[in-house]
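The values are calculated or read from the model by the stated rules, or taken from the named source; none is laboratory data. No experiment lies behind these values; they were computed from the predicted model shown. Reconstructed Cβ throughout: ideal geometry from the backbone, glycine too, with neighbour counts over all protein chains shown. For the accessible areas, the whole protein counts, side chains as well, though only heavy atoms, and no ligand, DNA or RNA atoms are used. Shrake-Rupley method; radii C 1.70, N 1.55, O 1.52, S 1.80 Å.
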Amino acid sequence: MSWQNVLVLFCVLTFFAGCKSDKRDDLPDVSGISPVKLKVRRFEQDLFKLDTNKLAEELPFLKSKYGAFAKIYFDNILGSTSKDVAPEGEVAFIKGFITHPAVHHLYDTCQVLYPELPKESIQQLEEAFRYYKYYFPERKVPTLTTFISEYSIGNFVYANDDLAIGLDFFLGEKYPYLDYNPDNPNFSQYLTRTFNQEHIAVKTLWPLVTDIVGDAPAGETLLDHMIHNGKKMYLLDLLLPYAADTAKMEVSTSQWKWLNENENNIWAYFLQQNLLYNTEWQKIRKFVEYSPNSPGMPAEAPGRTGDWLGWQIIKAYMEQNPDTPLKELFRLTDSQTILKRARYKPKL
């Protein structure tokens, strides 16, 4: 059935659905929690300041200073400790890396744009970690380490919830990413449009959110993925309540408007096409993975419409079950039970 015909089912559904208020609960009082001063470490600056004539002597001190991060960076990102990757030895490999003209140009570009991390991003993250301390008092506030990897990896969480941010993934949507790697799908326009300062806080927190909620759902249906990713969006929203919703979902203003105006239509389409309990990954993945669009929907529809709908379901669940602790919410794995207890009604 075509998207246009969804409107017929839309009318039937909305008759029974009623209206759901957009009003969110009041934010928790965090006045009793000390303001957070984020510790930022500039690994790429320390790496590129190494004296290449004394690299064998200085490299161990750099590794000692950055501990677990340095091990990940040199072992897994650069691969400089591998004889297969660096047959000439680690010192020679790293010297070649930091003196290579293209890599050094990338480093210089990052330093021009980010001599320091933007104040707005730091403020957003410090505010987020104040809420983080409220919701997860047993966890420590992460440190933030910046680096460059020549476009190989962006943000990640490591060790004891510490966070790393690849500055080469925040050079702006007009940066010629595709000129450097034309075949890299990560440099598609619908993705690079978010490679900017506005998305630093969201992208930095996302690996931590994923680590808390879990990397993958317990089941394989579209609904399982929707609910699981909806939990992640819900937590991200709790940590960044004042950040732009478009930044959280990584969509444009027009796409956000479309999502809000078509909640009923999206839900009806999933029901019509028997997609909620479908487990064919190639058929459902664009609804819950970064994608330029959602199959079968109008061109205005972004990818991840299922994630957005999952977010609305989790919000409905918490409205219906307000005493549910976050840890308990994240432990719930039965998507059908969550949907039932949410009493979800698509917004008119």
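Once the Cα-Cα distance is subtracted from the 0.36 nm per residue extended length, the Glu328 to Gln189 segment shows a gain of 46.2 nm.
Counting Lys and Arg as +1 and Asp and Glu as -1 over every other residue whose Cβ lies under 11 Å from the Cβ of Val103, the net charge comes to -4.
Here the extension length gained between Glu300 and Lys37 equals 90.6 nm, from 0.36 nm per residue of separation less the Cα-Cα distance. 3J(HN,Hα) along region 337-348: 5, 4, 4, 5, 6, 6, 6, 4, 10, x, 5, 6 Hz, from the Karplus curve 6.51 cos²θ - 1.76 cosθ + 1.60 with θ = phi - 60°, whole Hz, x for Gly and Pro. Using a probe of 1.4 angstrom and keeping all protein chains present, the accessible surface of the chain works out to 49 square angstrom per residue. Approximating the spin labels as points 7 Å out from Cα along Cα→Cβ, the Glu126-to-His105 distance works out to 3.7 nm.
Could you tell me how many degrees, from 0 to 90 and to the nearest 10, lie between the Cα long axis of helix 55-72 and the main elongation axis, the longest principal axis, of the Cα atoms of the chain? So the helix axis and the longest Cα principal axis differ by about 20 degrees. From the coordinates of this entry, percent of Cα pairs over 27 Å apart is computed, and it appears in (i) 56; (ii) 52; (iii) 48 under the label (ii). Put the Cα centre of region 146-185 next to the Cα centre of region 196-252 and the gap is 18 Å. To the nearest ten degrees, helix 263-272 and the longest principal axis of the Cα atoms of the chain are 80 degrees apart. Under 5 Å from the amide H of Asn293 lie the amide H atoms of Gly303, each residue being 5 or more positions distant or on a separate chain, with H modelled from the backbone and absent for Pro and chain starts. Within the accessible surface of the chain, defined with a 1.4 Å probe on protein heavy atoms only, the carbon and sulfur portion equals 51 percent.
Estimated from the Cβ-Cβ distance and a Förster radius of 45 angstrom, the FRET efficiency linking Ala56 and Gln282 is about 0.35. In sequence order, region 78-92 has phi-based couplings of 7, x, 5, 8, 8, 5, 5, 7, 10, x, 7, x, 5, 4, 5 Hz under the Karplus curve 6.51 cos²θ - 1.76 cosθ + 1.60, θ = phi - 60°, and Gly or Pro positions carry x. Each residue, Arg139 and Lys71, gets one label point 7 Å from its Cα in the Cβ direction; the gap between the two is 2.1 nm. Shape of region 256-317 from the C-alpha gyration tensor: rounded (a/c under 1.5, with a ≥ b ≥ c the square roots of its eigenvalues). Put simply, the C-alpha atoms of region 285-348 give a gyration tensor, and the ellipsoid matching it has half-axes of 26, 13, 9 Å, longest first.
Note on the chain: dipole from Cβ charges, positive end direction compared against Tyr277, Thr52, Val141; the farthest Cα belongs to Tyr277. For Lys257 and Leu178, a Förster radius of 25 Å and the Cβ-Cβ distance give a FRET efficiency of 0.35, rounded to the nearest 0.05. Between amide H atoms placed 1.01 Å from N, distances below 5 Å from Thr145 occur with Arg41, Leu163, Ala164, Ile165, all of them 5 or more places distant or on a separate chain.
Charge tally for Leu59 (other residues, Cβ to Cβ under 14 Å; Lys, Arg +1; Asp, Glu -1): 0. Antiparallel beta bridges, as assigned by DSSP with both residues in the chain, represent about 30 percent of the total such bridges.
Taking the 0 to 90 degree range and rounding to the nearest ten, how far is the long axis of helix 101-113 tilted relative to the main principal axis of the chain, both from C-alpha atoms? Computed tilt is about 60 degrees. Share of pairwise Cα-Cα distances greater than 17 Å in region 72-218 is 67 percent (whole percent). For region 197-247, the square roots of the Cα gyration tensor eigenvalues, ordered a ≥ b ≥ c, give a/c of at least 1.5 with a/b greater than b/c, which places it in the prolate category.
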